[in-house]
Amino acid sequence: MHGPVADHYAVGGVLDSILKALASLGKDLDALTPHDLAPVDTFHIRGREATVELAARAGLAAGMKVLDSGCGLGGSARYLALDHGCEVTGVDLTPEYVEAATALAGRVGLADRVTFRQGSALDLPFADNGFDAVWTEHVQMNIEDKRAFYRESLRVLKPAGVLMFHDIFRGDAGDPHYPVPWADEPSISFLSTGDDVRRTLDALGAQVLDWEDTSERSLDWFRGVLAQRQESGTPALGIHLLMGEAAPAKLRNVVRNLEEKRIAVVQAVVQARAR
Ligand SMILES: C[S@@+](CC[C@H](N)C(=O)[O-])C[C@H]1O[C@@H](n2cnc3c(N)ncnc32)[C@H](O)[C@@H]1O
């Protein structure tokens with residue numbers, strides 16, 4: 001009903017499998033903390049570390065209204081609410097994630113500070129000029145129409161608001177090896193180069209304030225994850241719970257694609273026109 005991208009992410013029973021894994025680690029399910037969820041609720045390269053780093057790139061202050069576009073299970077949204085005092089709304093295409101994100105926010109006592117709803121980043125269910133910041137991590141690689149994605153992100157920003165992203169772009173060595181965490185095969189994977197994205201942002205009147213290629217750090221981190229898994233086995237709680245049976249191949253291909261420079265990882269802050 002929500003299309004092939006939502007079907008890709010909907011593994012079925014994701015909340016149950018997370019709660020079961022937490023229980024197997026001896027966690028009290030009635031007294032969970034955001035820290036307990038961190039190994040699984042940030043479905044992007046370098047997990048919580050990257051979220052903290054991206055948040056530090058712009059002056060997010062208490063009370064700011066932030067939209068997490070393609071929020072997944074909502075780990076970053078909860079972090080921005082708890083650690084930066086922001087009023088966060090998460091929107092995601094995949095209903096299973098929205099339900100799980102809402103339930104997890106309730107379980108860690110953040111239901112009044114972060115809300116989630118189903119919707120598309122290409123047709124955001126929000127009025128113009130409503131947010132101080134739009135935050136997005138590892139979403140646009142599933143979106144073919146980049147211009148529509150960035151135009152829609154900028155539309156909901158207040159004048160001079162900021163778009164903050166942590167994203168995967170095309171490297172300069174050809175197509176990625178599949179499967180990858182965002183796609184089993186090429187039909188739902190749309191990688192642009194960083195230069196193309198910068199041109200698109202420029203054409204939309206946005207100004208890049210900060211842009212860093214974090215591919216090397218990403219590769220080091222991912223190699224560490226794989227080495228740890230080889231040594232100690234798959235942990236009970238981790239993003240493999242979100243990737244189905246092909247999880248090991250998807251994780252290995254991220255490393256291979258980074259090593260062969262088929263993908264690149266970028267963090268950036270972009271400012272909307274003052275209007
Ligand atoms: C790799 S996950 C990243 C989730 C989250 N941003 C994070 O970093 O933990 C990609 C997410 O993008 C969502 N997504 C993909 N295309 C979307 C669209 N057009 N609109 C909204 N969400 C979308 C998927 O449902 C999925 O939750």
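Before moving on, here are some points about what is shown:
- Residues in segment 91-112 that are open to solvent by less than 20 Å² (accessible area, probe 1.4 Å) and polar (S, T, N, Q): Thr94 alone.
- Any hit, segment 43-63, residues being over 28 Å from Ala272 (Cβ atoms) and more than 10 Å from the ligand (Cβ to nearest atom): no
- Subset tally (residues that are surrounded by fewer than 22 Cβ atoms within 10 Å (Cβ to Cβ), assigned to a helix (DSSP H, G or I) and of a type in the set (S, T, N, Q)) for segment 240-272: 1
- Selection count, segment 2-29, where residues are in a helix (DSSP H, G or I) and under 22 Å from the mean Cα position of the chain (by Cα): 14
This table checks each residue for (1) at pLDDT below 95; (2) of a type outside the set (Phe, Trp, Tyr); (3) in contact with a His (Cβ under 6 Å, 6 or more places away or on another chain).
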{"residue": "Asn129", "(1), (2), (3)": "no, yes, no"}
{"residue": "Glu137", "(1), (2), (3)": "no, yes, yes"}
{"residue": "Ile143", "(1), (2), (3)": "no, yes, no"}
{"residue": "Phe149", "(1), (2), (3)": "no, no, no"}
{"residue": "Arg155", "(1), (2), (3)": "no, yes, no"}
{"residue": "Phe165", "(1), (2), (3)": "no, no, no"}
{"residue": "Pro179", "(1), (2), (3)": "no, yes, no"}
{"residue": "Ser187", "(1), (2), (3)": "no, yes, no"}
{"residue": "Asp196", "(1), (2), (3)": "no, yes, no"}
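To keep it simple, each residue is scored yes or no on (1) within 13 Å of the ligand (Cβ to nearest atom); (2) open to solvent by less than 20 Å² (accessible area, probe 1.4 Å); (3) free of Cβ contacts under 8 Å to residues at least 24 places away in the same chain.
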residue: Leu15; (1), (2), (3): no, no, no
residue: Lys20; (1), (2), (3): no, no, yes
residue: Leu32; (1), (2), (3): no, yes, no
residue: His35; (1), (2), (3): no, no, yes
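The values are calculated or read from the model by the stated rules, or taken from the named source; none is laboratory data. The structure displayed is predicted, hence computed values, not measured ones. Positions of Cβ are generated from backbone atoms using ideal geometry, with glycine treated the same way; all protein chains shown enter the neighbour counts. Surface areas here come from the heavy atoms of the whole protein model, side chains and all, with no ligands, DNA or RNA. Shrake-Rupley method; radii C 1.70, N 1.55, O 1.52, S 1.80 Å.
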